[in-house]
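What follows is one structure encoded as structure tokens, with my remarks underneath.
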Amino acid sequence: MKNLWLAAIGLSLTAPVAGQEQEGLLLSDVTIVNIEDGTLIANQSVLIEGTQITAVGPNVAASPKVERVDAEGRFLIPGLWDSHVHIFSSATEPDTAFPQYLINGVTGVRDMGALWPIAEQQALKARIEAGEVLGPRLVLSGAWVDARPGSWPGMFLADTPEEARSIVARVADEGWAAVKSYSMLDEPTYLALAEASEEAVLPLVGHIPEQVALRTAIEAGQNGMEHFGRIPMACSTEEQAMLDTLRTAMAAGAPLDQVFGIMASRNRIILESWDEERCRRLLAELAAAKLHVSPTLVVANFYLGNWPSADTPRMRMLPGDVREAWGEPDFRLVAMTDEVRALAQDSIALDRRTFLMAHRAGVPILASTDASFANPYLFHGFSLLDELDLYVEIGLTPREALFTATVAPPRFFSLADQDGSIAPGRRADLVLLDSNPLEGLAVLRRPRAVIAAGDYIDRAELDAMEALLLAQGE
């Protein structure tokens, strides 16, 4: 199999071919891990031709020209997905992000908002699909829509239902995978956005706007929600009062610092008024609606100050200017009130308790991190494994945690050639592991090999990728 190497000069990503061209890859003596039901199928062979798996079984015939790898009984799982990232927040971010994803077994990501124009994102995606660039599969869902002036650069802006409908038409024309709602939309504009998205046959994902009740979003048909905090808020008996307070202030033209202060005061109210029975009813509604949740629980480490030291490999792999920027005061931490800091541990504990309830209620979860150069201490690739470890710490089994990163994402994205199974006709995005991940996720930290769209990257090549990242970060 050809093995591609990612290099970058400015905005130009290239991937020269290294090594001899092969006609395919035959993995023999693998133990296939069925993430959906937790079964193991030993002594299997997997034939990969091009980007697809073409045969699976105990005795698979293959051409003599096919490269052969004896897995010696090792464990094969579908490649991991991070369902909420931002890989286009700087001009050269993919140069670092792509190898970081691959060395961690992440073969697919959903980008949720970018500074690159959509045409440039699509061009890079096409180069990955053509085998010109080695990187994770991309789902481009970053058509984020917010009220003026916009929370981040590059957003679509809508203050009226008419503007929302016009934006959805543009999003459809430009070829985005979804429409993303954002925090400051008012309810009429949000509802128009939801209706127009449904008419355009585009999923509506994103934030539940701060003036919109979670049940309203369920009834509007939102398909996916980003981040977890609005679920504990909806479990509060004071949800409506909190919404009304913010709506009144915004209707009166309150300055942003007052608006943010009102939002920050919700933490105490939620802790005091969270109701378990109300929460169970709400979670049952979320599960019935199949509203997929991308929790990004690992983001809490940023607010708690749980940051890796400067000498850890993940920090040393970053470009120097990114490390320098992360060392500067961050506007999100500066905006935290003393009350929010004092309640942070209790608020995070409640989020995690509610998360476990949501999982047990059948709410579909998409493993996600918000990794981006724009979000300090959230790392491409590494943070996805941290997120999965959190799920297990909270109470999920390793299999259940893996399901959120291997099976649930491609099904939610309606990918024709991926559904979290290892079978003929499926895309060859795979990870080969030294031990059974159903017994513990630590083995994910050092995969034996990663297969990205059919390209086999063995342990030596993964080590070389790490070494290059460390060298470039010096």
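The values are calculated or read from the model by the stated rules, or taken from the named source; none is laboratory data. Only a predicted model underlies this, so the values are computations on that prediction, with no experimental measurement involved. Note: ideal-geometry Cβ built from the backbone for every residue, glycine included; neighbour counts use all protein chains shown.
Residues of region 131-142 being small (Gly, Ala, Ser) and either outside any loop (DSSP other than H, G, I, E, B) or buried (at least 24 other Cβ atoms within 10 Å of the Cβ) (or both), which ones? Scanning region 131-142 gives 135, 141, 142.
Of the strands (runs of 3 or more DSSP E) lying entirely inside region 373-474, the ones with 3 or more residues being closer than 23 Å to residue 24 by Cβ and not hydrophobic (A, V, I, L, M, F, W, C) are found at 455-458.
Within region 421-441, residues that are in the same structural domain as residue 70 (by TED's automatic domain parsing) and on the phi > 0 side of the Ramachandran plot sit with their Cβ atoms under 9 Å from residues that are modelled with pLDDT of 95 or more and not in a loop (DSSP other than H, G, I, E, B), at 6+ positions apart or across chains, in these pairs: 425/52; 425/53; 425/54; 440/392; 440/398. Cβ-Cβ contacts under 7 Å between residues 6 or more apart (or on different chains), taken from a first residue in region 70-98 that is closer than 22 Å to residue 226 by Cβ to a second residue that is at pLDDT 95 or above and among the aromatic types (Phe, Trp, Tyr), are listed as 88/116; 89/373; 90/373; 93/373. Screening the candidates 409, 447 for the property of being under 30 Å from residue 204 (Cβ atoms), buried (at least 20 other Cβ atoms within 10 Å of the Cβ) and in contact with a strand residue (DSSP E or B) (Cβ under 6 Å, 6 or more places away or on another chain) yields one hit, 409. Determine whether residue 347 is touching a residue at least 40 places away in the same chain (Cβ under 8 Å), within 17 Å of residue 295 (Cα to Cα), surrounded by fewer than 23 Cβ atoms within 10 Å (Cβ to Cβ) and among the small types (Gly, Ala, Ser). Against the criterion (touching a residue at least 40 places away in the same chain (Cβ under 8 Å), within 17 Å of residue 295 (Cα to Cα), surrounded by fewer than 23 Cβ atoms within 10 Å (Cβ to Cβ) and among the small types (Gly, Ala, Ser)), residue 347 qualifies.
Each row is one residue, and each column tells you yes or no for (1) modelled with pLDDT under 95; (2) in contact with an Asp or Glu (Cβ under 8 Å, 6 or more places away or on another chain).
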residue: 1; (1), (2): yes, yes
residue: 4; (1), (2): yes, yes
residue: 28; (1), (2): no, yes
residue: 72; (1), (2): no, yes
residue: 86; (1), (2): no, yes
residue: 102; (1), (2): no, no
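With respect to residue 82, is the statement that it is crowded, with 24+ Cβ neighbours inside 10 Å, among the acidic types (Asp, Glu) and within 18 Å of residue 373 (Cβ to Cβ) true? Considered against the rule, which asks whether it is crowded, with 24+ Cβ neighbours inside 10 Å, among the acidic types (Asp, Glu) and within 18 Å of residue 373 (Cβ to Cβ), residue 82 comes out as yes.
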